[in-house]
Amino acid sequence: MLQQTQVKTVIPYFNNFVKKIPNLKALSQSNEKKVLKLWEGLGYYNRAKNLHKTSKILIKKYNGQIPESFLKLKELPGIGDYTANILLALIHNQSRVALDSNVKRVLSRLFNINVGDAVNLFKTERNGDLAEALMEFGALICKPKNPRCHECKLKKMCTYYVSESKIGFKKKIKIESKSYDIFCYLKKNKKQVALTKNNDLGFLKKFNLPKIKEASKKNKNWKFLCNYKNSISNKKLNINLYYKFSSKIPSEFNWYSLNQSSEFIPSFTKKIFKQISHLY
Ligand code: SF4
């Protein structure tokens, strides 16, 4: 949950999640709909899907245990180098450093090195604590802007601190801007909109959305409703929203109520609901 999401946002979701699904076995026995519903609002929904798939594999293949092998961990859905390393350090106390942006910055500043894919700079019996401490140290002391060097216990050995030309470490996030046209079939008098999972948008592939395509000017048979901006992952989206009242919809669409749905609806689609609700 914490990947790309702030701690304070995650806390209520996490508490609610573990209340409803308290352990690995319960997760493996839940259906995907329930898991996604509990994740609703957090975004990056493939994380929830992968977590669920991984729980099933862990129960079935590994007797509910986290494998001790890096390669076996990496075969699990959603687990890459970073997650495999942090799991091995935290759970199995293996000597691994998981390189998130905080840790990379700390190591770059301390040792003036370009941190590669793997580092093994420390020797300790407490590898789990070390991995966690490095992340916390980066978040609380060696912060991206205004690091708290004056109170840092490592300043005497820190290249950044002693050098006159401070070594910067900037995380570059490429923001992509895109324009989309969204077309909503609406059912008269019923507050319903037609959605389909049949879209090939990378960022919301196979989730419930109205008809959506890259912006063009040929939308003759649709009424324009509004234009708005929406940010999702590393994308800035410029949305043109169109609608038409119709009782007939293409076969790959289904009707959904604007008010409540037992099915998972991503926040992206909920924003569309908000706009079209003014039409009723
Ligand atoms: S002295 Fe400053 S830059 Fe160096 S590790 Fe400590 S907080 Fe980071």
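If packing is taken as the average count of other Cβ atoms within 10 Å, what order do 59-66, 145-152 fall into, highest mean first? Don't jump to the answer; show the numbers that get you there.
Working: 59-66: 12.4, 145-152: 10.8.
Descending packing order for the listed peptides: 59-66, 145-152.
Would you kindly find the accessible area of I57, with a 1.4 Å probe and non-protein molecules such as ligands, DNA and RNA excluded, rounding to the nearest 10 Å²?
Probe radius 1.4 Å; accessible area of I57 about 60 Å².
Anything over 20 Å Cα to Cα? Flag those among K206/K270; K205/K236; K206/K248; K211/K248, in the order listed. If you can, show how the numbers build up before the last one.
Details: K206/K270 16 Å; K205/K236 17 Å; K206/K248 22 Å; K211/K248 14 Å.
Pairs exceeding 20 Å: K206/K248.
I want the local charge near K236. Using Cβ-Cβ distances under 13 Å, sum +1 for each Lys or Arg and -1 for each Asp or Glu among the other residues. The partial results should precede the final answer.
Numbers: positive: K174, K178, K229, K235; negative: E176.
Its environment carries a net charge of +3.
Compute, for M1, the solvent-accessible surface of its heavy atoms (probe 1.4 Å) with the complete set of protein chains present, and express it in square angstrom to the nearest 10.
50 Å²
Could you go through the stretch 143-151 in sequence order and give the Karplus-derived ³J(HN,Hα) for each residue, using 6.51 cos²θ - 1.76 cosθ + 1.60 with θ = phi - 60°, rounded to whole Hz, and x for Gly and Pro?
With the stated coefficients, the stretch 143-151 comes to 6, x, 9, 6, x, 8, 4, 4, 9 Hz.
Only bridges with both residues in the chain count here: give the DSSP antiparallel percent, nearest 5.
Details: 20 of 31 bridges.
The antiparallel fraction comes to roughly 65 percent.
Pop out the ³J(HN,Hα) list for the stretch 250-255 in order, Karplus 6.51 cos²θ - 1.76 cosθ + 1.60 with θ = phi - 60°, rounded to Hz; leave Gly and Pro as x.
x, 4, 7, 9, 10, 7
May I ask for the net charge around T5, where only other residues with Cβ less than 15 Å from the Cβ of T5 are counted and Lys, Arg are +1 while Asp, Glu are -1? Intermediate values should be presented prior to the final figure.
Numbers: positive: K8, R47; negative: E40, D100.
Summing Lys and Arg as +1 and Asp and Glu as -1 gives 0.
Residue-wise, which Karplus ³J(HN,Hα) couplings in Hz belong to the stretch 64-69, taking 6.51 cos²θ - 1.76 cosθ + 1.60, θ = phi - 60°, and x for glycine or proline?
Values, residue by residue: x, 9, 7, x, 8, 9 Hz.
Once amide H atoms are built 1.01 Å from N in the peptide plane, which residues 5 or more positions from I232, or in another chain, come under 5 Å H to H?
Close amide H contacts, sequence-distant or interchain: L237.
If Lys and Arg each add +1 and Asp and Glu each add -1, what is the summed charge of the other residues whose beta carbon sits under 14 Å from the beta carbon of T124?
Details: positive: R96, K123, R126; negative: E125, D129, E132.
Net charge in that neighbourhood comes out at 0.
With a/c under 1.5 counting as rounded, go ahead and sort the stretch 1-148 into rounded, prolate or oblate using the C-alpha gyration tensor (a ≥ b ≥ c being the square roots of the eigenvalues; past the cut-off, prolate if a/b is larger than b/c, else oblate). Spell out each step's value before the answer.
Values: a/c = 2.37, a/b = 1.49, b/c = 1.60.
Note, shape of the stretch 1-148 comes out oblate.
How do D100, D181 stack up against each other in accessible area, from largest to smallest, with a 1.4 angstrom probe?
On the way: D100 35, D181 0 Å².
The most accessible residue leads, giving D100, D181.
Hey, got a sec? Which trypsin sites (Lys or Arg not before Pro) in the stretch 222-273 land in a DSSP loop and have at most 14 other Cβ atoms within 10 Å?
Working: sites: K223, K229, K235, K236, K244, K248, K270, K271; in loops: K248.
Of the trypsin sites (Lys or Arg not before Pro), the ones in loops of the stretch 222-273 whose Cβ has at most 14 other Cβ atoms within 10 Å are K248.
Within 10 Å, count the other beta carbons around each residue, average over each peptide in 34-40, 187-193, 2-8, and list them highest first.
Most protected by this proxy first, the peptides run 34-40, 187-193, 2-8.
The values are calculated or read from the model by the stated rules, or taken from the named source; none is laboratory data. Remember, predicted model here, so these are calculated numbers, not experimental data. Cβ atoms come from the backbone with ideal geometry, glycine included; neighbour counts cover every protein chain shown. Quick note on the areas: whole protein, heavy atoms, side chains included, nothing else; ligands and nucleic acids left out. Shrake-Rupley method; radii C 1.70, N 1.55, O 1.52, S 1.80 Å.
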